[in-house]
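Structure first, commentary second.
The values are calculated or read from the model by the stated rules, or taken from the named source; none is laboratory data. Predicted model, so just to flag it, every value in this text is computed and none were measured. In this analysis, Cβ positions are derived from the backbone assuming ideal geometry, glycine residues included, and neighbour counts consider all displayed protein chains.
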Amino acid sequence: MIKQILKNYITISLISFSIIIVLVIRMNSYNSFRYDGKQLHEGRYYLGKILSTSKKNFDKIKNIEFRNLEKFIATNKLSKQGERFIIYTSQTETKVQTIIAIPLKNCPKLDLSPKLVCNYFPKQDVIAVSHKGYLSKREEGWKILDKKLIDINKKIFNAPFEVLWLDSSQTKDSTKWLTSLYYPIR
């Protein structure tokens, strides 16, 4: 009896371990990074929401707040002019402060709540990394940019940002999600 229980336990443990390994490999195989080099990022107006949250909850809160911005834009009959983006104003190990933003044709006079901003994001030289896959894995892209910054002997002069070219709001297929990460350089 004990021998059979032990045999079943070992079998279940091996199956569980195999499933975990397959999931980890599958999750990591969906992520790819490409250094895109130096570029000129065009300036644009945007409507944004200032967020301060834990890194752990950021993606969930960001998605909710992007939906709220979309509703505000529709209600106020504003013209969108590009893809959603995130400006990183401050980060620690556990907390992130950002402005989540949607590009607009212009910034008309609006009645904005205290955490909403309508502003102009400047035209600037950047270095970029393209990331395909899960947003939770984008930290690797920032590490690539950190290394390239040292390699080309440049300094960051403005807030880092990312553009969400294709994300969960457009497709549920995470293998198609495409994000570009940018360091403004001088």
## Note on the structure
Reported set for the range 70-101 where residues are in contact with a Lys or Arg (Cβ under 6 Å, 6 or more places away or on another chain) and either closer than 14 Å to Ile50 by Cβ or part of a helix (DSSP H, G or I) (or both) is Val96, Ile100
## Note on the structure
Of the conditions (1) at pLDDT 95 or above; (2) surrounded by fewer than 18 Cβ atoms within 10 Å (Cβ to Cβ), the single one that Asn119 does not satisfy is (1)
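Yes/no matrix, rows are residues, columns are (1) over 21 Å from Ser90 (Cβ atoms); (2) crowded, with 17+ Cβ neighbours inside 10 Å; (3) more than 16 Å from the chain's Cα centre (by Cα); (4) at pLDDT below 95:
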{"residue": "Lys123", "(1), (2), (3), (4)": "yes, no, yes, yes"}
{"residue": "Val126", "(1), (2), (3), (4)": "no, yes, yes, no"}
{"residue": "Lys132", "(1), (2), (3), (4)": "yes, yes, no, yes"}
{"residue": "Leu135", "(1), (2), (3), (4)": "no, yes, no, yes"}
{"residue": "Ile152", "(1), (2), (3), (4)": "yes, no, yes, yes"}
{"residue": "Leu166", "(1), (2), (3), (4)": "yes, no, no, yes"}
{"residue": "Thr179", "(1), (2), (3), (4)": "no, yes, no, yes"}
{"residue": "Tyr183", "(1), (2), (3), (4)": "no, yes, no, no"}
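A quick yes/no check of all residues on (1) in contact (Cβ under 8 Å) with a residue 40 or more places away in the chain; (2) crowded, with 16+ Cβ neighbours inside 10 Å; (3) among the small types (Gly, Ala, Ser):
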site: Lys71; (1), (2), (3): no, no, no
site: Ile86; (1), (2), (3): yes, yes, no
site: Cys107; (1), (2), (3): yes, no, no
site: Leu112; (1), (2), (3): no, no, no
### Query
Yes or no: Leu164 touching a His at 6+ places or on another chain (Cβ under 8 Å) and not in a helix (DSSP H, G or I)?
no
### Summary
Only one of (1) crowded, with 17+ Cβ neighbours inside 10 Å; (2) charged (D, E, K, R); (3) not in a helix (DSSP H, G or I) does not apply to Lys148, and that is (3)
### Task
Name the one entry in Phe121, Phe58 that is over 24 Å from Thr171 (Cβ atoms), in contact (Cβ under 8 Å) with a residue 24 or more places away in the chain and hydrophobic (A, V, I, L, M, F, W, C).
Phe121
